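The next block holds one structure in the form of structure tokens; read it before the comments.
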Amino acid sequence: MLPNLDDIEVEKINVRQSDNKTDKRTLNVDMNPMVDLAFLLLTFFMLATTFSKPQAMELMIPAKPKDELVEQEMAVKESKTLSIALQKDQVQWYRGITDPEANVIKYDELEDMLRSVNQNTDGLVVLIKPLESSKYANLVDVLDALNYSNIQRYAISDLSDFDLTLEGNTATNE
């Protein structure tokens, strides 16, 4: 049979016996300031951070103009139009729209021709028509020549049926 636990004597190891035993006091910690601080930090971080925005591209689209502000197409007299058909190495130009007669010049002669036509025609409108064989540098050269010739009204326009026939014709009268 087993002995009773009260009858067993156990040695206490590493127990210090001191003469002045003090009574332990209970310690009460006030948690209110810590809770206040936690909520202040929580609200600060909630207000100071930004939430992730949806990943979408913003498009800036101009407002639709009012009907009275829409630019109307202006009719231009044939005698005041000059059409320039741009090719790879030369420029074919003609006056008017019905039964035009094309003239061929080089790009370096274009500025002088434009200056003389602008002096003789009041309210000249130049229509720039790049053909398939032209390059972007040709268009830049023509725009520079228009600027140096003080021509204010010009536009890049679509090719007409006559302009399409000019692609094959390289030698016409000057």
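Table for the structure above
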{"item": "Residue ID - modelled with the lowest pLDDT, chosen from residues in the range 161-174 that are surrounded by 12 or more Cβ atoms within 10 Å (Cβ to Cβ) and within 25 Å of residue 115 (Cα to Cα)", "result": "172"}
{"item": "Selection within the range 129-160 - part of a loop (DSSP other than H, G, I, E, B) and among the acidic types (Asp, Glu)", "result": "132, 158"}
{"item": "Hits in the range 98-116 - residues which are over 38 Å from the mean Cα position of the chain (by Cα) and either outside any helix (DSSP H, G or I) or at pLDDT below 85 (or both)", "result": "98, 99, 100, 101, 102, 103, 104, 105"}
{"item": "Top-ranked residue in the range 79-106 [being out of contact with any strand residue (DSSP E or B) (no Cβ under 7 Å at 6 or more places or on another chain) and surrounded by fewer than 20 Cβ atoms within 10 Å (Cβ to Cβ); ranked as nearest to residue 154 (Cα to Cα)]", "result": "79"}
{"item": "Yes/no for residue 76 being in a loop (DSSP other than H, G, I, E, B), modelled with pLDDT under 75 and either under 30 Å from residue 152 (Cα atoms) or touching a Gly at 6+ places or on another chain (Cβ under 7 Å) (or both)", "result": "yes"}
{"item": "Residue within the range 117-128 that is under 35 Å from the mean Cα position of the chain (by Cα), modelled with pLDDT of 85 or more and part of a loop (DSSP other than H, G, I, E, B) present", "result": "yes"}
{"item": "Residue match in the range 140-151 (condition: among the aromatic types (Phe, Trp, Tyr), at pLDDT 85 or above and either within 21 Å of residue 167 (Cα to Cα) or within 31 Å of the chain's Cα centre (by Cα) (or both))", "result": "yes"}
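The values are calculated or read from the model by the stated rules, or taken from the named source; none is laboratory data. Computed from a predicted model, the values in this text were never measured in an experiment. No Cβ is skipped: glycine too gets one built from the backbone with ideal geometry, and neighbour counts run over all protein chains shown.
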